[in-house]
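Just below is one structure, and these are the notes that go with it.
Each value in this text was obtained by applying a stated rule to the coordinates, not by laboratory testing. These figures come from a predicted structure and were not determined experimentally. Cβ coordinates were reconstructed from backbone atoms using ideal geometry, including for glycine residues, and neighbour counts include every protein chain displayed.
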Amino acid sequence: MTRHVAILAAATAALLASAAPGRALDAPEGPLVTTEWLEKNLGDPALRLVEVSVEPGVFERGHIEGAQNVVWHTDLVDPVKRDIASRENFEALVERLGIDDTKTVVLYGDNNNWFAAWGAWVFDTYGIDVKLLDGGRKKWEAENLPLTTRATQVAATDVTLPERDESLRARLPDVLQVVDGRAQAKIVDIRSADEYSGKIFAPPGSAELSVRAGHVPGAINVPWGTAVAADGTFKPAEELKRIYAEKGVDGSQPVIVYCRIGERSSHTWFLLSRILGYDVRNYDGSWTEYGNSVGSPIVNVSNTVWTGK
């Protein structure tokens, strides 16, 4: 029996074995699932698998069996104002995905799960506990696990979500309070060292969305990739604790994380809050808001000046 056929057989067996309505999936403890666990549980009706990728067309070219597509810049955000999706719109998305409190929800995506982590943060703000596939598409594809182009059909659900939990989110005034010494928190800039220093405005190939370069005064630079192993998975929790403790982030104070537009910082929010259990808020306005806000102080050791070119 080939590996692909074996996976399909296992999925079919899981489907037949779990036909009883409301049966909960035997999911692992903690915020992560492995490729091995997911492979064994494909097809289980208690599983809801969601892909949140940034590269256009990547889902359509092939996705994990049973996955449904969520587009970060339309499904997870407000269509008019810069904000995450409203409760009404997000509730409709959750119902379309067939999610309720009997389902185990697993998110994954490309780019080392950046936007899948963004999705996890948005889900969490509305009270839905989700897990990430550790390593995302990168690890799944590296292990030559199968992808499909078949559409997934699920029965819609009927749910009522709470108002969003604002304690998971930092706003510009919250950041300024820390900068001014009126509030205590560790601010973590997870961008590259060149972005942090002000040498560059944005990662190569990305649009310059801020007229100033540099970082928030007092922010600690811990690039997101520091936390990731070569295969895209998170490093062990004890190693992560050591990495951040060496930078002064040990969970003894609240933490605010930011990047350029909020997606890379969601990756760090996930590990600090969901893996290490720290009190963390994601500043999704990030540098594109802070660097453009009139009157907000910055640190730019590279002394770069925006020219508009």
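The set of residues in segment 130-170 that are in a loop (DSSP other than H, G, I, E, B) and closer than 17 Å to LEU272 by Cα comprises VAL130, ASP134, GLY135, ALA170.
Looking across segment 61-77, the residues that are of a type in the set (D, E, K, R) and surrounded by 12 or more Cβ atoms within 10 Å (Cβ to Cβ) come down to GLU65, ASP75. Mind checking whether some residue in segment 293-301 is within 23 Å of GLN184 (Cβ to Cβ), loosely packed, with under 13 Cβ neighbours inside 10 Å and free of Cβ contacts under 8 Å to residues at least 12 places away in the same chain? Yes, because at least one residue in segment 293-301 is within 23 Å of GLN184 (Cβ to Cβ), loosely packed, with under 13 Cβ neighbours inside 10 Å and free of Cβ contacts under 8 Å to residues at least 12 places away in the same chain.
Rundown of residues vs (1) of a type in the set (Asp, Glu); (2) in contact with a Ser or Thr (Cβ under 8 Å, 6 or more places away or on another chain), yes/no style:
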{"residue": "GLY135", "(1), (2)": "no, yes"}
{"residue": "ALA142", "(1), (2)": "no, no"}
{"residue": "GLU163", "(1), (2)": "yes, no"}
{"residue": "ALA170", "(1), (2)": "no, no"}
{"residue": "LEU176", "(1), (2)": "no, yes"}
{"residue": "ARG182", "(1), (2)": "no, no"}
{"residue": "ALA185", "(1), (2)": "no, no"}
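Here segment 79-131 is the region considered, the condition is being of a type in the set (A, V, I, L, M, F, W, C) and touching a Lys or Arg at 6+ places or on another chain (Cβ under 8 Å), and the residue that is surrounded by the fewest Cβ atoms within 10 Å (Cβ to Cβ) is ILE84. Summed over segment 61-79, the residues that are in a helix (DSSP H, G or I) and either farther than 24 Å from SER266 by Cα or more than 16 Å from the chain's Cα centre (by Cα) (or both) give a count of 1.
If you scan segment 210-228, which residues turn out to be closer than 17 Å to GLY295 by Cα and surrounded by 18 or more Cβ atoms within 10 Å (Cβ to Cβ)? Listed by number, the residues that qualify are SER210, ALA213, GLY214, HIS215, VAL216. Filter segment 32-60 for residues that are assigned to a loop (DSSP other than H, G, I, E, B), surrounded by fewer than 19 Cβ atoms within 10 Å (Cβ to Cβ) and on the phi < 0 side of the Ramachandran plot and give the result. Scanning segment 32-60 gives THR34, ALA46, VAL54, GLU55, PRO56. What about LEU176, is it in contact (Cβ under 8 Å) with a residue 12 or more places away in the chain and under 30 Å from TRP37 (Cβ atoms)? Criteria not met by LEU176. Does at least one position in segment 230-241 carry a residue that is closer than 20 Å to ASP165 by Cα and among the aliphatic types (A, V, I, L, M)? Scanning segment 230-241 turns up no residue that is closer than 20 Å to ASP165 by Cα and among the aliphatic types (A, V, I, L, M). With respect to SER210, determine if the residue is within 24 Å of the chain's Cα centre (by Cα) and farther than 20 Å from VAL301 by Cβ. Criteria not met by SER210. Quick check: is even one residue across segment 103-113 in contact (Cβ under 8 Å) with a residue 40 or more places away in the chain, part of a loop (DSSP other than H, G, I, E, B) and under 21 Å from THR160 (Cβ atoms)? Within segment 103-113 (the criterion being in contact (Cβ under 8 Å) with a residue 40 or more places away in the chain, part of a loop (DSSP other than H, G, I, E, B) and under 21 Å from THR160 (Cβ atoms)), the answer is yes, since at least one residue qualifies. Within segment 64-90, residues that are on the phi > 0 side of the Ramachandran plot sit with their Cβ atoms under 6 Å from residues that are part of a loop (DSSP other than H, G, I, E, B), at 6+ positions apart or across chains, in these pairs: GLY66/LEU42; GLY66/THR152. Whether a residue is more than 18 Å from SER206 (Cα to Cα), of a type outside the set (Val, Ile, Thr) and more than 13 Å from the chain's Cα centre (by Cα) was assessed, and SER273 does not pass this test.
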